[in-house]
Every structure is written in structure tokens, then in C-alpha cells.
Amino acid sequence: MRNPQTPDRSTFKEGADPSGVLAAKLALAKAVLGWERLWPSLWPPLVIATLFIALALIGVPGWIGDLTYGWGHLTLLVALGAAFLWSLRRGAQRWQPATHADAVRRLERDSGLSHRPLSSLGDRPADEANYMGLAIWRAHLKREAARLKGLKVGAPEPSMARLDRYGLRAGLAFALVLGLAIAAGNPGQRIAQAFQPDLRSPYAAAPPTLDVWINPPAYTGRVPMLLARAVETQEGGAAPAAETPPERLAVPVGSVLLAKVNGGEGTPELAVAEGEGDQARETVRPFETVGTRAHQIEMPIEAGTALTIRQDGDDLAGWTITVVPDLKPTVSMAEPPAATERAALMIHFAASDDYGLDAVEARIDRLDSLSEVASEAPIVLPLSLPGSAPEAVDAKDYHDLTPHPWAGQPVRITLVARDAIGQEGLSEPLTIILPERQFTHPVAQAIIEQRKRLTTEPGEKDDIAQVLMSIAVRPHHYFEDLVTFLALRTAAGRLVLNDESPEMVEAVQKLLWDTALRVEDGELSLAERELREIERKIMDLLAEDSVDQAELDKLMDELRQAIDKMLQAMAEQMQEMMRNGEQNAEQMQEVDPNRIIERQDLMDMLERAREMAQAGAKDAAREMLSQLRELMENLRAGRPQMMSPEQLAAREMMRQLQDLAEQQQRLMDETFKNHQQEQQFGNRGQQNLGNQPFGSQPGQQPGQRGEQGQPGQRPGQGQNGQGQNGQGQSPQGMSAEQLAQMQEQLRRQLGEFMRKLGEGMGRIPQPFGQAERAMKGASDALGQSQPGDAVGPQGDAIEALQDGAQALSEAMQQQQQAGGGAAPTPGAQGRAQDGQIRDPLNNDSDDSQGYATDGNTRHGIPAESDLLRSRRIFDELRRRSGERDRPAQELDYIDRLLKRF
């Protein structure tokens, strides 16, 4: 036999592999061997290429280039490129292709064949002429070929553990994923930029960047306008702005342009163009250098049509502007100034300004006998403005000028409105007689007359002094008051000293005024003056942007004391008048109770004003104090008024309607309790209907109803003052039959009320008919022992009674106005609408005290009931927001509502 030879393709062509399976297995084994030898050569260049792509996606080359002016980028690119080429060359040198013999050995090993049967197929016998030996040889080949039926090729052997002992491939994969996430929008662009290092000199100027703002004056309340911010310009072109401005910017006059340019060559310039077309001219101002290639400019804008920033001959940015001038404020008198009942000067004015009013004042000049403006300095009265710097205002202001020496003299009033930069707008001047107080005491009248002469006849001081002395020597004319005597003697003595100074005349006039007040009113006028002074301080404090709460509380306490002092003085004056026979008790008998103001009413208004100020509603607090001031004015000037028979009848009707609504409310409460207990106890509901009888007060036990009668009776009309627990009613409650009887009784009362109303007024408001039908439905439901079905009609009846009360009040007012009678007072109307007949379902307290209900609605002052209702709603929302088992949609809605609080 010949020496063994490696089988080649010719060996298998002789019939050993008729189907070609062996050749395919050998080709696959050769490919597996080739990959196992190629992968170690490809691994280093593949790692370097992947690292470069990951760094490029993350942006490392650009970052290094920015720090090193592009040279670090180039160095990184060259280093990675050189490493890639070196590893590729080294891998090519180390790579050796797999041979046919290698494939045969790999196939034999993977197939688990012993004694190398594939290799024996390529052997030849040593003596091919020996037929016996050749037969044996062929039998051997046949046996070996039979062993080749289970040939298989294994997978390539893993080599990563040997090539990457430390597992760095995991970090490389993470870096690649991170880069793909960072550059998700433009991965191709980042890879392309990694091959393009931006080489530049370290000493070359960076592209210019712009930062441009326009700050309007603070008094305008306008926000700063951003025109461009830190955006690099393109070479030779304008900088793109960070904010896209409109085609023409509206810039308030006096705005300040602040522009910064960093980078670029040369000093930037700001060009301001004025005019249009051929008339245009340009003013150029250079930037100020504040650092290395850092420039800025700050310039007020008073005029111009365009702004352009240039550097090194190129326009970096430009804007077209319109400079908006600050117009003068306007002011006018909404109605002529008039005197109040207490002779205070009421000024109703309307003013406006494009950027907000800074102040409005009234300038008063005295007119001489020739109707010319006298030489004295004018009176300047500051007028209160609602809020801080309002753009438009329509308000009233009150000033007591009765103590002023010009009171009763002809004057010319001019309103002056001023804005933040001092521009003034004037109203048309108006000539009036300055309001003065009318004194009734003869001595007070004489003193005031001499006081006026000091203004109109300043050269007659000696004669005035003689008149004052003649008054002083008759003490029986002014109640033998020693203080009045000394004041008159002092004033006369100072006038004869020939002191012509204005300070002396002013002091004498003030002394004479206080003396006249003492003679006329005693301590009342002094208390009134103190009250007005404190009110003015509070108004001025509330007009400030930031209110000192401690100072406000102090002034509020002083105002409360001043009100008490004035009320005490008024009471003493009233007693004195009654002792002198000026008022008798009969005049006080038939006084409308809706016009009676108690001290607690005033204190409640004051406390509400304090709460509004604490809550930040300063305008509402000022309005409430204005109403309090008007109320005190009317209280001071008013006299008890007798009620007409028509007013008495109207008051009685409203009282009856109030009683009817209250009884219907109590009946609905009892019906609802009856329905609840029927549901809870079933058939026992008729025997155990609660432990508080109908109409009883909280805290009373069954059988202790006191004077509370049946619904048809007013409080206090029970039988002999005893309760009515018996007569078909168990001590624990009432049956549905009893409730039905009581409901029917209320319906009959309403029918009788409607009959009388039709006889008196000729028509019946429609809501009363709706209330009667609702009561009928509730009575039928109760008669069928269905209290649950009666609650709804009872609520409808209460609502209809409320609407009917308002309709009745309006009808009475129209009837009185048409008949020439006095319309119901705002307090009476307020009670009819919001006090006496109110919605019994919402448990609102009677907030109106007959003085501010209608005014609050008109002026937007939140009533106390509104404040309490808001607090209850807020607390309920907070409670429900804590119940996390509620639906998610409801909780989200509650959270959005809470944010509004």
C-alpha cells in the first residue's frame, strides 16, 4: 500500500461521494475554519471603528475641537485612523486561509470519527497489480465509506474570552447605544462632522453673538422685549434672532435699549434711523468695549423708525420700530361738585392715562369780588384712586372743607391728573360756591361771620376784634361757657396786636372755628372731625402698594373708638334737643325699623372692611369704608322719619311672608327627617321619627317647645305658652298625616295672603301661584304617606316664595314711585331681597343690616355671606380631595378647583 495521502477532489469523483454531501460538508468546515481565523484579525479594527462612531454620535470630537480650536479634533481623528489602519494591516498579516486538509481534519473531529476515515479515502494501495490485495483494499474503502454517513460540522469556536479578557466590549456597546440616543435626530450629520475638524488659529476672533433687549419704563407696566439672545451670526450675514419679532415693534418712548456683542472683529455700532424714504437720516453710536472682544451699549429710545447693529461693515441685526409717545392724562368732572348733607364737598371725576394714573387732585382758587382769581395759594385736594396706577377710573371723593376760611366763598375748581413722568392733564374749570356749614345758633353765626371777614376784609382787624369782644361780654348768650369766653377774648387780643403775618390770621381763624363748633354742637363736631381725619388716614394707607397690617389694625381700632365717641356725642345732643322740646317721643314711635342703625351694624361694617383688607381686596375695603362714611354722614344729618300707612302695610306684608317661608322651611325639615327614619326603621318609622319635634330649637328636648306653635301660628302664639306635643302627635315626632294637615294649613295661609295682596295691589306676582301649586303637591304626597315625594315640592315652594318676595318688593317700589311717594330705602329693599325672604336651603345668615345690601351688589363688594360661603366651599373641597377612593376624574376636577383658591 502506498503512503497515506490527503484526499483531494479527484478522490471523491471516483464514486466515494456520488451525492456530493461530503463535498458540501468539507466546504462548510472550511468556511467555519476560515471565520475562526479571520475574526481575531478583524476584531481590533472593528473595535476602533465602533469607538470612533460612538464618540462621534456623543459629540466628543466637536467638544475637543472647541477646546483646542480644532487641533484636538484633528489629533483624535488621525490617532484613531492610524490605529485602525495598523490593526487592519496586522490582522491581514496574521490571517491564514484554511486548507482542504484542515477542513478534512475539522470534519472528522466534529463528526467524532476515529482512525481518520476521510483521510484513508485518499490513500492508494502500494501494489496495484496484486489483485487479491486490490480486492481487500476495495473492501476496506467500502467499509470506511459506510462510516461517513453521520458527518457533521460544528459551530465556530468562541474566542471573545481570549480576545477581550476584561469585557470591554460591554462598555463599547453602551457607548454606542448612548450615542444613538443623543444623536437620534441627526446621526449621519454628526458622523460626517466628526470627519471634518474645524481648524482655526487660537488668536482668530470668534463669530459675533448678539444679546439685545428693550426695557420699557417701569411705570408702563410692560414686560421687556427680547430681540436676540446669544445666537452666533453667520459670516457676512445678519444674526438670526432668538425671538421672531413682529414686522414693526411698538416701543414706548423712554425705553432703554441694551445690546451686547461678543466676538467678531472691530467695534460694533448702533444705527438709529429717523424718518422715511428720502427724509430718512441715520444716527450712529459706537458700542462701549467692556472686555476682550466684548462690547455693549445702553441707550434710551426717544425717537426713530429703525435700529441696526453693524460690525466690521456687516449688518448683524436690524429691526423696524415705532416709538409710541406717552400721552398726557385726561380728567373731567363726571358731574358738578356738590355738597353732601353734612356740607362735605363731593367730587365725582373720571380720569384715564395710557400707562396708568399717578395722582389726581383738585385745585381750588378763590375768586375775588371781580370774579378774578385771588392772590392766595390755591387749595390742593388729593383725590383717592382705586388700586395702584389705574389706567381708567370713575370715582367719587369727599372732602370736608367747612373748616376752611374759604367756605361759603366763590371758588374755581380745576381737576389735575398726573402720570408717572409728571405730565399733567387739566379739566375744564368750574366755578361754585364752596360748601359751608349752616350754623343755627346766633352766637356761632356771628363768630363765623367775623371769621369770613378776616378773609374778605383783611384790613378790618380792629373792627373784627371789637365785634368779638362785644360777643364775649354777653356770656348768657352762649350758656355761660368759660371756654368760649376765653377763646373770644384771645382771638380779639391777637387781632389788635397789629401782627400781619398769615400764620397769625390762620391761627385766629382756626380758633374761631373751634369756638363756633363748641357753641353749636358741644363735643359732637370735634368728634366728627377726628372721625374724618382717621378715615382719611385709612384711605391713604389702603391706596399704597404694600399695606402695613399693624398700622392698619391700629387705625381701625382708632376708627372704632372715634365712632363710639361720635355716637355718644350724638346721643347727648339728641337728649339735649328732647329736653329743649325740639323733638318729642311721639315722633319716634312710628319709625321704619329698616332705617334704624345700631352700633353693632357699624362695627360689623368696620370688621368686614378689615377682613377685606387682610384678604388683599383693598378696593373692596375702600368701597366699604366709603359706604361707612356716607352712612355716618346721613346718620349725622338725618332725623327720625315717620312711616306712611302704605309703608306700614308693606312692612306687615313682608313680615307675614317671612313667617310663612320660615314655617315652610321647618315643615320641609321635619318631612325630610320623617322620610329618612322610614328608610332606616321601616314600619317603625311612624313610631320613632327622631328626638326633636318640628319647630323646636337646638338643644331642646321633646316636649320642651316653649312658645313654638303650629306652622299657622307666629312665635309666641301657642296655647297659654305651652307646647303642643299632644293631640295626635307622639312625643318622638309627627306622622305623615299630621304633616299633611300642617302643609294644607300653610297652603290656606298663602291663599289668604294672596287674596289680600290682590285686593290691595290689583295683581298677584306669578311666583306665589307657583308656590301654592307646589304646596298642593306636597300635601297630596304627604296624604298618601309618601314624605320622600313631598320634599321636592316643598323646596319648590320655598324657592317660589323667595322669588315672590323679590317680585313683591319691586312692585311696591314701582307703585310708590308712580304715586309720587318715596321709594323704599336701600336698606328696606335690601332686606326684602336678601334679608327677610332668603333661601332657607342654604342657611345663609341675615348679613344685610339695612344699609349695604344693595350697595354691595352694585359696587362689587363681597357680602359676608359670600365670604362665608366661599370658605365653606373651600373646606368641603379639601375634605373631598382627601377621599382618595373617589373616581380619578372627580379628584382631578377637585384639584383644579382648589388651585383657583
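Whenever you get a sec, line up GLU678, GLU528, GLU247, GLU265 from highest to lowest accessible area (probe 1.4 Å, protein heavy atoms).
The ordering from most to least exposed comes out as GLU247, GLU265, GLU678, GLU528.
If you add up the charges near LEU667, with Lys and Arg at +1 and Asp and Glu at -1, over every other residue whose beta carbon is less than 13 angstrom from its beta carbon, what do you get? Display every interim value, and only then the final one.
Working: positive: ARG666, LYS673, ARG747; negative: ASP659, GLU662, ASP669, GLU670, GLU744.
Net of charged neighbours comes to -2.
Give me the accessible area of ILE538, 1.4 Å probe, in Å² rounded to the nearest 10.
Near enough 0 Å² of accessible area.
At 1.4 Å probe size, what's the solvent-accessible area of ILE191? Round to the nearest 10 Å².
Counting only protein heavy atoms, ILE191 exposes about 50 Å² to solvent.
Run the 1.4 Å probe and let me know the accessible area of LYS461, rounded to the nearest 10 Å².
20
Heavy atoms only, probe 1.4 angstrom, no DNA, RNA or ligands counted: give me LYS776, LYS673, LYS756 ranked by accessible area, highest first.
From most accessible down to least: LYS756, LYS776, LYS673.
The values are calculated or read from the model by the stated rules, or taken from the named source; none is laboratory data. Nothing here was measured: the structure is a model prediction, and the numbers come from that model. Every residue, glycine among them, receives a Cβ derived from its backbone with ideal geometry; neighbour counts consider all protein chains shown. The protein model used for the area step is the full one, side chains on, heavy atoms only, and it has no ligands, DNA or RNA in it. Shrake-Rupley method; radii C 1.70, N 1.55, O 1.52, S 1.80 Å.
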